[in-house]
Amino acid sequence: MAQVIAKRAEVVQRILRPFFDTVMQPPIPGLPMIADFRAGDPQEPALPGLVDALQRCSIPTSTDWFAYRLTHEPARRAAAASLTSELGIEFSAEDVFLTRGASGAIALALHTVIDPGDEVVFLSPPWFFYEAMIHTSGATPVRVRLEPPAFDLDVAAIVSVLGPRTRAVIINTPHNPTGRIYSAAALKRLAQGLAEAGEQYGRPIWLISDEAYCRILFDNRSFISPGLYHPYSILARTYTKSALAPGQRLGFLALAPGLPEAEIMRKVLPRVIYSSGLAMPDAVMQYAMPDIDGLLIDMAALQRRRDDMVAVLREQGYEVHSPEATFYLMPRAPMDDDRTFCALLAEQGVAVLPGRVIELPGYFRISLTVPDETAERSLPIFARAIEQARSIVRRQP
């Protein structure tokens, strides 16, 4: 057993090393950055409503105000009402389980439905932590690559890797990092494929729907939850994106209406929360949740920033699509080695995320959560860097 644990820890460390070496370290130690586009962190004052809610809910009204809170019923009711309003299908508060962001919800789902030796399918390019979380749950990760430039949901590719050991599929929509929103038609085909595979192999395949960016939508687009079409679905939500407060961990796991094993899950999930320590958010966050649920960052400003940066980068010669959702742009690097190109930018004070960190070599990621003036200061540097990259490519044999 000790060898198994040590091996698992070694694998997880290897998987996460690019993230910690790139996102958690300064691009060039000692060199201040003009613009840091690496992560979706806030770089402007917090939403007043968020600050007001946290201040108000931090004042105790009882002696047990800061005691453990597994299920704060007003928060669960607020989440269920929000889901019902957004998705047009009735959710029950008893099927909502509060977590520390969507990551806590995904970890809770994995540790609840996964047995050792199971397989979990995820999409690549992925969110940083899927593969590590799957390993930590005792399962084997199976990746399905999304093809650029569309990065559309490849249902046929997903279905092709389903087998007797497949226990769950993680679908992230809107997709981080590409900003793609998957269509109802594609999600219906996926649900059919999961149902047929489940019937073939004699056990259901769970769909874990990571909906962290479901409110960060551009151009008046709508979000469609994969959980509407597959009965064995679990929805992972967070408020860290809509309120742009990633350090304030608050979200929930919701069982899809009509889940065949809902009664069992209602009994098991609280026990997993208590025994694993994976999910339970702080008491103050739970009290504040009904107010936080209604908050949303300035989407008009974010969309304007997206449009401005896409337009200028294209004029400079970058190949970049306009995302449908999320905080991110994914330009193609003007040279094959995205790390070398990102180093060119960093030397001039602009930090971006190399595509290799998210399994997308040849690209780089820009977070749009910077102030407008920061984005504007960075544009001349992007222009210089692409010319430098072209010069390097021309000199190569």
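Give me the dipole magnitude in Debye, nearest 20, for segment 334-397 about the Cα centre, with unit charges on the beta carbon: positive for Lys and Arg, negative for Asp and Glu. Mind dumping the intermediate values first?
Details: 8 positive and 9 negative charges, 52 e Å.
The calculation lands at about 260 debye.
Considering the chain as a Gaussian network with a 10 Å cut-off on Cα pairs, which listed residue, Lys267, Lys241, Lys188, attains the greatest mean-square fluctuation? In this elastic network of the chain, the residue with the biggest mean-square fluctuation among Lys267, Lys241, Lys188 is Lys267. Classify segment 205-298 from the C-alpha gyration tensor, please: rounded if a/c falls under 1.5, else prolate or oblate depending on whether a/b exceeds b/c. Cα axes put segment 205-298 in the oblate bin. Where both bridge residues fall in segment 48-292, DSSP classifies roughly 35% of the beta bridges as antiparallel. GNM remark for the chain: springs join alpha carbons under 10 Å apart, and the peak mean-square fluctuation among Val352, Val268, Val96 falls on Val268.
Look at the dipole of segment 48-292 built from charges on Cβ: of Tyr287, Ala262, Ser82, the Cα furthest out on the positive end belongs to Tyr287.
Each eigenvalue of the Cα gyration tensor of the chain, multiplied by 5 and square-rooted, gives one semi-axis; in descending order these are 35, 26, 20 Å. Classification of segment 78-151 by its C-alpha gyration tensor yields an oblate form. The axis ratio a/c (a ≥ b ≥ c) is 1.5 or more, and b/c is at least a/b.
So, with +1 on the Cβ of K and R and -1 on the Cβ of D and E, and no other charges, what is the size of the charge dipole of segment 195-281 about its Cα centre, to the nearest 20 debye? All intermediate terms of the calculation are to be shown ahead of the outcome.
Working: 9 positive and 7 negative charges, 82 e Å.
Dipole size: approximately 400 debye.
Axis angle, to the nearest 10 degrees, between helix 372-395 and the longest C-alpha principal axis of the chain: 60 degrees. Mean-square fluctuations from a GNM of the chain, with a 10 angstrom spring cutoff on Cα atoms, peak among Leu194, Leu313, Leu217 at Leu313. If I fit a long axis through the Cα atoms of helix 101-113 and take the longest principal axis of the Cα atoms of the chain, what angle between them do I get, 0 to 90°, rounded to 10? That works out to roughly 50 degrees. Using C-alpha pairs under 8 Å with a sequence gap of at least 6, the mean separation divided by the residue count of the chain gives a relative contact order of 24 percent. Between the Cα long axis of helix 73-87 and the first principal axis of the chain there is an angle of about 60°, rounded to the nearest 10. Is the shape of segment 245-361 best called rounded, prolate or oblate, per the rule: a/c under 1.5 gives rounded, else a/b larger than b/c gives prolate, else oblate, with a ≥ b ≥ c the square roots of the Cα gyration tensor eigenvalues? Prolate, because a/c is 1.5 or more and a/b exceeds b/c. As an exercise, use a Förster radius of 35 Å and the Cβ-Cβ distance of Asp115 and Ala157 to find the FRET efficiency, rounded to the nearest 0.05. In this case the efficiency is close to 0.90.
No value in this document is a laboratory result; all are computed from the given coordinates. Please read these numbers as outputs of a predicted model, since none were measured by experiment. Cβ: placed from backbone, ideal geometry, glycine included. Neighbour counts: every protein chain shown.
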